[in-house]
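Here is the structure we will look at, set down as structure tokens.
The values are calculated or read from the model by the stated rules, or taken from the named source; none is laboratory data. Since the model is a prediction, treat every value here as computed from it, not as a measurement. All Cβ positions, even for glycine, are placed from backbone atoms using ideal geometry, and neighbour counts span all protein chains on display. Remember, those area values only see protein heavy atoms, side chains included, never the ligands or the DNA or RNA. Shrake-Rupley method; radii C 1.70, N 1.55, O 1.52, S 1.80 Å.
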Amino acid sequence: MRLGVLDVGSNTVHLVAVDARPGGHPTPMSNWRTPLRLVELLDDSGAISEKGINKLTSAVGEAADLAKTLGCAELMPFATSAVRSATNSEAVLDHVEKETGVRLSILSGEDEARQTFLAVRRWYGWSAGRITNLDIGGGSLELSSGTDESPDLAFSLDLGAGRLTHNWFDTDPPARKKINLLRDYIDAELAEPARQMRTLGRARLAVGTSKTFRTLARLTGAAPSSAGPHVTRTLTAPGLRQLIAFISRMTAADRAELEGISSDRSHQIVAGALVAEAAMRALDIDKVEICPWALREGVILTRIDKGLE
């Protein structure tokens, strides 16, 4: 059965079409995305602007048409942090549905963390023991830890790379004072969730998911995506600290010239790196392994578990 997953994130609208079967891993057949940067299209009241609504509607319509062309028997459309936290989210959902016929469901932050954790658990299996997962999106940071397929604890914080860049940095490169203030803010936001997660004990495996972690790992020497999903990729705390010292002094245009970072991510990678460094420090993690599966795969696996017809 061909399934389509339409993920409206804070940075991109992303459609993945997979062939799914019970007992088998989902096989990607098509992968389409378009930049969105919704967190940069909010007005002073926290509502998605008219420009943002139009961009979102156009992207969802294009993705829905592509899903039909690809022969998807079912489309699972959802939105995460940027739409979830917008003050006009219901009006946005209504407009998108009216224009495209697609009704986006809103994933709560905790559900986002739990679905991502499921994908990570399935990738690594039971032998991994306790897993702690970190996922940095454009609008939010998800933290989860557990020994089963559902985590014992799951948190979602408004510490996404795009959101923090938009709210905190007003120069390029960012001012050193702003970086230090942002570090203090991230530490404060992480303090209580990290305290609760530490009570679970040290994880046997610490994992990083999302484009931000993949980019940070690549910038510190991990294999490129062309090497395939089964190559082990890691990001270490010392390597991350060195990277922050390097990229925080560069402009976004200069960062975009580095191998392994795309131009649409270069403006927010400093904030993403600060979140990754703070989360790893708060949870006493020296190294994370980069998992190729994340939220979209978790949604697909949950759908397969319910049975395919």
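Per residue, the stretch 58-107 exposes an accessible area of 46 Å² to a 1.4 Å probe, with every protein chain left in place.
Using alpha carbons only, how many angstrom separate the centre of the stretch 85-155 from the centre of the stretch 1-73? The distance from the Cα centre of the stretch 85-155 to that of the stretch 1-73 comes to 15 Å.
Antiparallel beta bridges, as assigned by DSSP with both residues in the chain, represent about 65 percent of the total such bridges. Binning all Cα-Cα separations of the stretch 171-309 at 10 Å, short to long from zero, yields these whole-percent fractions: 11, 36, 34, 15, 3, 0.
Computed 3J(HN,Hα) for the stretch 272-279, one whole-Hz value per residue from the Karplus formula 6.51 cos²θ - 1.76 cosθ + 1.60 where θ = phi - 60°, is x, 5, 5, 5, 4, 5, 5, 5, glycine and proline marked x.
Report, to the nearest whole %, how much of the accessible area of the stretch 138-188 belongs to carbon and sulfur atoms, 1.4 Å probe, protein only. Could the numbers behind the result be given before it?
Numbers: 1070 of 2160 Å².
Answer for the stretch 138-188: carbon and sulfur cover 49 percent of the accessible area.
A simple spin-label model places pseudo-atoms 7 Å from Cα toward Cβ; at Glu74 and Gln196 they are separated by 3.1 nm. What a 1.4 Å probe finds exposed on the stretch 212-281 is 52% carbon and sulfur by accessible area, rounded to a whole percent.
The three principal axes of the Cα atoms in the chain give end-to-end lengths of 50, 47, 36 Å, sorted in falling order. Among the listed pairs Lys178/Lys211; Lys51/Lys98; Lys55/Lys98; Lys68/Lys98, those with a Cα-Cα distance over 22 Å are Lys178/Lys211.
Considering only Ala294, Ala175, Ala113, the mean-square fluctuation computed in a Gaussian network model of the chain, springs between alpha carbons under 10 angstrom, is largest for Ala175.
Our coupling estimate for the stretch 258-265, obtained by passing each phi through the Karplus curve with A = 6.51, B = -1.76, C = 1.60 and θ = phi - 60°, is 6, 5, x, 10, 8, 5, 7, 10 Hz, Gly and Pro reported as x. For the stretch 164-309, the solvent-accessible area of protein heavy atoms averages 48 Å² per residue (probe radius 1.4 Å; ligands and nucleic acids excluded). Per-atom-type breakdown for the stretch 1-85 gives carbon and sulfur 49% of the accessible area (1.4 Å probe, protein chains only). Starting from a Cα-only point model with no solvent, please compute log10 I(q)/I(0) by Debye for the stretch 247-296 at q = 0.13, 0.32 1/Å. Here log10 of I(q) over I(0) equals -0.40, -1.08.
Taking a Cβ cut-off of under 12 Å around Pro174, the surrounding Lys, Arg, Asp and Glu residues balance to a net charge of +4, with basic ones at +1 and acidic ones at -1. For the stretch 18-133, the alpha-carbon radius of gyration amounts to 1.24 times the rule-of-thumb value 2.2 N^0.38 Å expected for a compact globular protein. Residue separation of Ala256 and Leu181 scaled by 0.36 nm, minus their Cα-Cα distance, works out to 24.5 nm of gained length.
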